[in-house]
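To keep things clear, I will list the structure first and then write my remarks on it.
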Amino acid sequence: MSGDGQTAFVGDALANPLTVTITDDYGNPNIGAAVNWTPSAGTISGGTSTDGSGSASATWTLGAMPGPHSATVNAGGLTETFGATAVCFDG
């Protein structure tokens, strides 16, 4: 999992994508697994299934309210939560 803990202005996309990698018990990639992203605020686009390496990446555009945001991903039996912080423009 990568992309956790980022900060961006309200309504802006995070600089780095959210990425998950799904493997089986032997470390082999889980190719084509369905991936569902659920943000607490804003929108997430892309990454609806894992690729040939078992990874899926998505772009998270934060919501309009400043403060902590979270996004949950469910894929191949895995559930993870990413966090981000939305900050206001400085005048």
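Quick note: the coordinates plus some simple rules give every number you see, no bench work behind them. Note that the structure is predicted; figures quoted are calculated from it, not measured. No Cβ is skipped: glycine too gets one built from the backbone with ideal geometry, and neighbour counts run over all protein chains shown.
Points to keep in mind about this one:
- Neighbour net charge for Gly76 - beta-carbon separation under 12 angstrom, K R +1, D E -1: -3
- Here the relative contact order of the chain, from alpha carbon pairs under 8 Å that lie six or more residues apart, stands at 35 percent.
- Extension gain, Tyr26-Met65: 0.36 nm per intervening residue step, less the Cα-Cα distance, totals 9.8 nm.
- Debye log10 I(q)/I(0) at q = 0.16, 0.20 Å⁻¹ for the chain, Cα point scatterers: -0.59, -0.83
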